[in-house]
Amino acid sequence: MATFGVIVFPGSNCDHDAYHAMKHVMNCEVKFLWHKDTDLTGIDFLIVPGGFSYGDYLRSGAIARFSPIMQEVVKFAEKGGPVMGICNGFQILLEASLIPGAMMHNHKLRFVCKNINMRCETTDSLFTSGLEKGQVFNIPVSHGEGNYFISDDGLKSLQDKDQVLFRYCDEVGNLTEEANFNGSIDNIAGITNDGRNVLGMMPHPERAMEKILGSEDGKPIFDSILNSLSIA
Amino acid sequence: MYKAKVNVTLRPSILDPKGKAAHHALQNLGISQVEKVRIGKFIELDINADSESAAKEIVETACAKLLANEVMEDFEIEINQ
């Protein structure tokens, strides 16, 4: 059984959601890893959780990227270790250049906290291999800076290499401008890196694990991850 | 000791919603002569360096590594004694 590591920065606030999701819903081993830790021994999968690491000073994720554990996360990812950054975690992975692009303020300047729909765009990744292409997920978002940006060349490369894993859509899966509530380029909600072992996504699947809490649409994503880890 | 002033601005090709909102508010205030607003960051640094060129190099490294995100931002540096 895979052991998950959830990184805790000063200002993380979805670390316990991620811990609960993996420990109590998925029945996995989970360890919290403090931002000053540098030992990832025994960790099979890393989650960089949401929140406001270091108060989002300067830019979201800009300071967290230089914390001691992030140097180890970069090494772990470069060796092919699977890493999932959710929300602020996505922003940190972007700042650390583990995935390409940058985050800007939501185009309407509002902090958006609601359930949205996103669509699985490819099953060619360890995170999405158990999903269906075109499958729609209703899961929460909660961010002010989720307006994904990348240069035209960078976007073309993401598309050509099938690195867009999730896009914002309406409830039946159409990629509309209205569904793209934060103004992200090409409706992008989640992408993977060139090596396909790092995922960054703004929506929170770890907050959509149990029906009693509103949605369990996040669960298939973690089922897919666990399945991929058990095969690997 | 040198003092550096750094201006970090969004790249011209990137939409600046904060600037647009401020521009809109200025229009509402009747300051309609303002045709465009772009909002960036101003950062002051005190630098311990032997020469102006050494100070500039330090600030350039600081900007490239942390103070600006070159995916979407540009920076300008001014060094004074």
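The values are calculated or read from the model by the stated rules, or taken from the named source; none is laboratory data. Computed from a prediction, not measured in an experiment: that's the story for all the values here. Neighbour counts are summed over all protein chains in view; Cβ atoms, including those assigned to glycine, are modelled from backbone coordinates with ideal geometry. When the accessible area is computed, the model is the full protein with side chains, heavy atoms only, and any ligands, DNA or RNA have been set aside. Shrake-Rupley method; radii C 1.70, N 1.55, O 1.52, S 1.80 Å.
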> So which of A:S129, A:S97, A:S125 ends up being small (G, A, S) and within 14 Å of chain B (Cβ to nearest Cβ)?
Replying inline: A:S97
> So which of A:E29, A:E95 is under 23 Å from A:F149 (Cα atoms), acidic (D, E), modelled with pLDDT of 95 or more and open to solvent by 20 Å² or more (accessible area, probe 1.4 Å)?
Replying inline: A:E95
> So which residues in the range A:32-54 are among the β-branched types (V, I, T) and surrounded by 16 or more Cβ atoms within 10 Å (Cβ to Cβ)?
Replying inline: A:I43, A:I47, A:V48
> Of the residues A:G134, A:G200, A:G195, which single one is part of a loop (DSSP other than H, G, I, E, B) and in contact with a strand residue (DSSP E or B) (Cβ under 8 Å, 6 or more places away or on another chain)?
Replying inline: A:G134
> Which condition does A:S142 not pass, out of (1) in a helix (DSSP H, G or I); (2) of a type in the set (S, T, N, Q); (3) open to solvent by 10 Å² or more (accessible area, probe 1.4 Å); (4) touching a Gly at 6+ places or on another chain (Cβ under 8 Å), if it passes all the others?
Replying inline: (1)
> Under 8 Å by Cβ, and 6 or more places apart or on different chains, what pairs join a residue from the range A:148-169 that is more than 14 Å from every other protein chain (Cβ to nearest Cβ) with one that is of a type in the set (D, E, K, R) and in a helix (DSSP H, G or I)?
Replying inline: A:Q159/A:D186; A:V164/A:D186; A:R167/A:D186
> Mind checking which residues of the range A:61-77 are under 16 Å from the mean Cα position of the chain (by Cα) and either open to solvent by 10 Å² or more (accessible area, probe 1.4 Å) or farther than 15 Å from A:E145 by Cα (or both)?
Replying inline: A:A64, A:R65, A:M70, A:V73, A:V74, A:A77
